[in-house]
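Structure record follows, encoded as structure tokens.
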Amino acid sequence: MAKTGKGRKHRKTREPWQEHTVRLLLLLGGAFIIAASFNLFLLPGGIASGGVAGISVLVQRLTGFTPAYVQWLINVPLFVLGLLLLGKRFALQTALGSLVLPLFVLFTAGWHSPTDNALLAAIYGGIGIGLGLGLVYKGRGSTGGLDLAAQLLHRYTGLRFGLAIACFDGLVIAAAGIIISPENALYALIGLFVTSKTIDIVQTGLLISKVAFIISGRSDELAEQILHELDRGLTRLSANGGYTGDERPVLMVVLPQNEVPKLKSLVQTVDPSAFVIISDTAEVLGEGFKAPEGSL
């Protein structure tokens, strides 16, 4: 960009041991939140919203077997299989999460649920699981389980990883509809949806940024105004009109949502006939916005 966003002090890079410590704390904290949410909401409500946790809910309903032991019985063989077929590097990323999460589930097993409403259990359980998984992912870890199974399916069948996860979760939820009740399967879908949205929020944050593409015959003047009046960086993109073939520079500006009205007013003042496209961005990294993940 010609000029970056609002001035920010350079972030100090952490030492390798500090970075590893932060990742470990994120993994442990995330695993604990997942375990607590499981025992406070999902297990009491019979919400089997996919994954090994969902399978352990179903097994507990059928046999009374302790969910933590079920999770270990599934995670450990999958870990060994992943180690043999996917290699040490991949498997070791899941080793700690595969062992620690069931341990936390065992430790929090006696916690009393604050609600007996299945819908509330699905929503709050979904939020807790999503928050925990988001922290685990930010620490570049994994809780193993069906993620490993999906990775194996992806590696040896070519099925997309996301689709493989969806298939496994779908099978667990379908089983919940048969073993528990169709209504509980619907609650499980709600929980799974809430989990995915919460993970997105943890990963990208609540602050929504916008990206604006501006096509104008007065691009130089507009660029000057954006740089100095709005105090935002911009990038000039080379483009040509589809009908005329004339060169039409495009200004690309990334800015917080609360600065969009000011940008629109500025463009209207400089060139009322300018063509402007404004859309959401999932995440923005760099000076003036969010630090990259490597600077945890």
> Could you say whether any residue in segment 72-89 is open to solvent by 10 Å² or more (accessible area, probe 1.4 Å), closer than 19 Å to residue 183 by Cβ and touching a residue at least 12 places away in the same chain (Cβ under 8 Å)?
Replying inline: no
> Would segment 153-164 turn up any residue that is buried (at least 20 other Cβ atoms within 10 Å of the Cβ), of a type in the set (A, V, I, L, M, F, W, C) and not in a loop (DSSP other than H, G, I, E, B)?
Replying inline: yes
> For segment 128-143, how many residues are outside any helix (DSSP H, G or I) and among the charged types (D, E, K, R)?
Replying inline: 1
>> Can you confirm whether residue 36 is at pLDDT below 95 and not charged (D, E, K, R)?
In response: no
>> I need the full set of residues from segment 214-240 which are of a type in the set (Gly, Ala, Ser), open to solvent by less than 20 Å² (accessible area, probe 1.4 Å) and closer than 15 Å to residue 275 by Cα, in order please.
In response: 216, 219, 223
>> Of everything in segment 206-223, what is at pLDDT below 90 and under 33 Å from the mean Cα position of the chain (by Cα)? Give them in sequence order.
In response: 206, 207, 208, 209, 210
>> Quick check on this structure: which one of 186, 251 is surrounded by 12 or more Cβ atoms within 10 Å (Cβ to Cβ), of a type in the set (A, V, I, L, M) and touching a Gly at 6+ places or on another chain (Cβ under 9 Å)?
In response: 186
>> If residue 194 satisfies all but one of (1) open to solvent by 40 Å² or more (accessible area, probe 1.4 Å); (2) under 30 Å from residue 50 (Cβ atoms); (3) at pLDDT 90 or above, what's the number of the condition it fails?
In response: (1)
>> For segment 104-119, give me each residue that is touching a residue at least 60 places away in the same chain (Cβ under 8 Å) and assigned to a helix (DSSP H, G or I).
In response: 104, 105, 107, 118, 119
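Conditions tested, residue by residue: (1) within 29 Å of the chain's Cα centre (by Cα); (2) modelled with pLDDT of 90 or more.
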{"residue": "225", "(1), (2)": "no, no"}
{"residue": "229", "(1), (2)": "no, no"}
{"residue": "239", "(1), (2)": "no, no"}
{"residue": "242", "(1), (2)": "no, no"}
{"residue": "247", "(1), (2)": "no, no"}
{"residue": "253", "(1), (2)": "yes, yes"}
{"residue": "258", "(1), (2)": "yes, no"}
{"residue": "264", "(1), (2)": "no, yes"}
{"residue": "268", "(1), (2)": "no, yes"}
>> For segment 116-125, check the following and say yes or no: at least one residue is open to solvent by 20 Å² or more (accessible area, probe 1.4 Å), within 22 Å of the chain's Cα centre (by Cα), aromatic (Phe, Trp, Tyr) and at pLDDT below 90.
In response: no
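The values are calculated or read from the model by the stated rules, or taken from the named source; none is laboratory data. On a predicted model such as this, the values are computed, not experimentally measured, just so you know. Using ideal geometry, Cβ is built from the backbone for each residue, glycine included, and neighbour counts are taken over all protein chains shown. The accessibility values were calculated without ligands, DNA or RNA, using every heavy atom of the protein model including side chains. Shrake-Rupley method; radii C 1.70, N 1.55, O 1.52, S 1.80 Å.
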